[in-house]
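Data first, discussion second: the structure below is written as structure tokens.
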Amino acid sequence: MPLAKPEKWGYLTPDTKERKIMADDPLFILVVLSCAAVLIILMLGIGSFGVGGKVAHKHSNRLMRWRIGAQAVAIALILLFVWLRGGN
């Protein structure tokens, strides 16, 4: 017996009021990937702090700047997703 996708994970399209599953939406997948990128960069930055010494001195500020940029992109994509998909 296959498991059905729960309807609570979807959204209604603004024009046709048709229910869509978020996991099938390319923009949603892009949002998830951008959030994963932020998490990976954050973990690398924390890891460089843990190592300390020359590694932390060489990479910490650069990783922090990359994380801030990736976070800005992720937030912009989340807002774009909510705006385009008719979020209230």
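List every residue pair whose Cβ atoms lie under 8 Å apart, where the two residues are 6 or more positions apart in sequence or sit on different chains, the first residue falls within segment 65-87 and is of a type in the set (Phe, Trp, Tyr), and the second residue, located anywhere, is open to solvent by 70 Å² or more (accessible area, probe 1.4 Å) and assigned to a helix (DSSP H, G or I).
If the second residue must be open to solvent by 70 Å² or more (accessible area, probe 1.4 Å) and assigned to a helix (DSSP H, G or I), no pairs are left.
Can you pull out the residues in segment 37-84 that are basic (Lys, Arg) and open to solvent by less than 60 Å² (accessible area, probe 1.4 Å)?
Kept after step one, since they are basic (Lys, Arg), are these residues of segment 37-84: 54, 58, 62, 65, 67.
Correct list: 67 only.
If the requirement is being part of a helix (DSSP H, G or I) and either touching a Gly at 6+ places or on another chain (Cβ under 7 Å) or at pLDDT 90 or above (or both), which of these qualifies: 69, 47? Quick ask: steps written out before the conclusion?
Working: 47 fails: either touching a Gly at 6+ places or on another chain (Cβ under 7 Å) or at pLDDT 90 or above (or both).
The conditions single out 69.
The values are calculated or read from the model by the stated rules, or taken from the named source; none is laboratory data. None of the values given here were measured: they were computed from a predicted structure. Using ideal geometry, Cβ is built from the backbone for each residue, glycine included, and neighbour counts are taken over all protein chains shown. Accessible surface areas use protein heavy atoms only, side chains included; no ligands, DNA or RNA. Shrake-Rupley method; radii C 1.70, N 1.55, O 1.52, S 1.80 Å.
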